[in-house]
Structure formats: structure tokens, C-alpha cells
Amino acid sequence: DQSRTNLSLYTDAELDVTEALLISGAVRFENYSDFGSTLNGKLATRIKAGKHINFRGSVSTGFRAPSLAQIYYNLRFTNFNASGATEVLLAPNNSPVTKAFGIQKLNEEKAVNASLGFTATFGDFTATVDGYYIKVKDRIVLTGYFDASALNLGVSEAQFFVNGVDTSTHGLDLVFAWKKKFGASQFGATLVGNINDMKIDNIKNGSLDQGT
């Protein structure tokens, strides 16, 4: 039975610098009972390039504390594979088992986000295209199975949650919409798509097998 409390404060502001240029900013402060405080911000802008086209962009930072389940949850189960059945322990982050493998306390995930795109309207058609980049540091992942037979736990293998990788993601969001009125009725169709590519920039495996 575990719990956490957190307090957050958020504020944002927008300023029309000119009729065509809008700038906005936001700041969020959060305090977690088990992780301390974090401060994140966002800066965005929108430019009216014409009557039908707007360009927009933003830069921001992000934060995600590990969930209570990722820190405290534990489970013992039987895993079946080609070599037979093995007993596995999913060890909580604060257990001696996890520490025995050199796994440190789970830290928060930190992110930097950037996006750039445009919106366009031509008659009955509307298009929105946004490219984005997300870099996440200390991303939390679930490991594979490690040999735990020497720890006298009654299991053959163990696994755990760990701040295991740094990742970067490039992507493109696409929205195309069409609406048409026919008398008192209206008909519309929308096409939504997303293309993205995520890469692992760094694997933080310490002395453990990187492939696991």
C-alpha cells in the first residue's frame, strides 16, 4: 500500500505583438512528495502569413515521475520458453534484489519537445501539418531476465524497471478535413495520419548485459 501526493501550479500568457504575430508562454511548477520539485516551460508562436495560412511553432520541456507501480510493484511468475519453465521475480525498485544487480533508484523522465507546422484553409478544405521532435532522457523501461539463481530467492531469474535509455523521436502529424453544406445538411470527411521514427540514443546498462 503506497501513496504519493503532488502539488502543481500553472500559468500561461499570450501577447499579440502585431496583428499577424502571436507569442505565448507557459510555466508549470510541480512538487512531488517522493521526488522533490520540477519546473517546466513552453514558448510558442503563431504567424499569420495570409488570410488562409498560419505558421506555428513551439519549444517546451517535460517531466514524468515514475508511477507507483514502476517503483513498488513486485510479482513472482512462471515463464515458459523453449528450454522449459523458469521461476521469475519482477522485483520492486526499492528491494535488495534490485540493488544487488546495481540498479539505482528510479529517476524522473525528462523531455525536450519542439514542433513546427502550419494550418491552411481553402474553401471547404482544411489542412494541418506539424513536424515534431521529442528527446527523452532517462526513459523508464522493463528489463529482460537476469540470472538470479545465486541469490537464494527460490527463483531462477529476475527483472526490474530501470532508467535504461535515452531516446529521440522525429514525427509528422497530418490532418486533412473537408466539409460541405447541402441545404440544411452538412457532410464532412477527415483524414488523420502520423509518421514517426524513434531511436535509442544511449543505453544505460551499467555492468549488465546490454542485450537484456
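The values are calculated or read from the model by the stated rules, or taken from the named source; none is laboratory data. Predicted model, so just to flag it, every value in this text is computed and none were measured. Neighbour counts are summed over all protein chains in view; Cβ atoms, including those assigned to glycine, are modelled from backbone coordinates with ideal geometry. Only protein heavy atoms, including side chains, enter the accessible area calculation; ligands, DNA and RNA are left aside. Shrake-Rupley method; radii C 1.70, N 1.55, O 1.52, S 1.80 Å.
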Legend entry - region 90-172: trypsin sites (Lys or Arg not before Pro) in DSSP loop, at most 13 other beta carbons within 10 Å: Lys105
Inset, instruction - Mind jotting down the distance between the C-alpha centroids of region 166-193 and region 38-116, whole Å? - result: 29
Inset, instruction - Only residues of region 84-120 count here: report those whose backbone N is under 18 Å from the spot 7 Å along Cα→Cβ of Lys51, or say none. - result: 119-120
Legend entry - Rel. contact order, % - alpha carbon contacts under 8 angstrom, at least six apart, the chain: 14
Inset, instruction - Mind telling me which of Val136, Val112, Val17 comes out most flexible in a GNM of the chain, alpha-carbon contacts under 10 Å? - result: Val17
Legend entry - Burial ranking of peptide ranges 59-70, 43-54 (average Cβ count within 10 Å, highest at the top): 59-70, 43-54
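Say the cut-off is 25 Å between C-alpha atoms; which of Lys42/Lys204; Lys51/Lys180; Lys99/Lys135; Lys51/Lys135; Lys42/Lys180; Lys48/Lys137 go over it?
Violating the 25 Å limit, Cα to Cα: Lys42/Lys204; Lys99/Lys135; Lys51/Lys135; Lys42/Lys180; Lys48/Lys137.
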Inset, instruction - Keeping all protein chains in place, calculate the accessible area per residue for region 87-185 (probe 1.4 angstrom), answer in Å². - result: 52
Legend entry - (i) 12.8; (ii) 13.7; (iii) 18.2, with the label sought being that of the calculated mean projected area of the Cα convex hull in nm²: (iii)
Legend entry - Rounded, prolate or oblate (a/c below 1.5 giving rounded, otherwise prolate when a/b exceeds b/c) for region 115-212 by Cα gyration tensor: prolate
Legend entry - Share of carbon and sulfur in the accessible heavy-atom surface of the chain [1.4 Å probe, %]: 57
Legend entry - GNM result for the chain, Cα springs below 10 Å: residue of Gly41, Gly131, Gly84 fluctuating most strongly: Gly84
Inset, instruction - Report, by chain and number, residues whose modeled amide H sits under 5 Å from the one on Asp34, excluding near sequence neighbours (fewer than 5 apart, same chain). - result: Thr5
Inset, instruction - Can you find, among Gln2, Leu15, Val97, the residue farthest towards the positive end of the dipole of region 1-132? Put +1 on the C-beta of Lys and Arg, -1 on that of Asp and Glu. - result: Val97
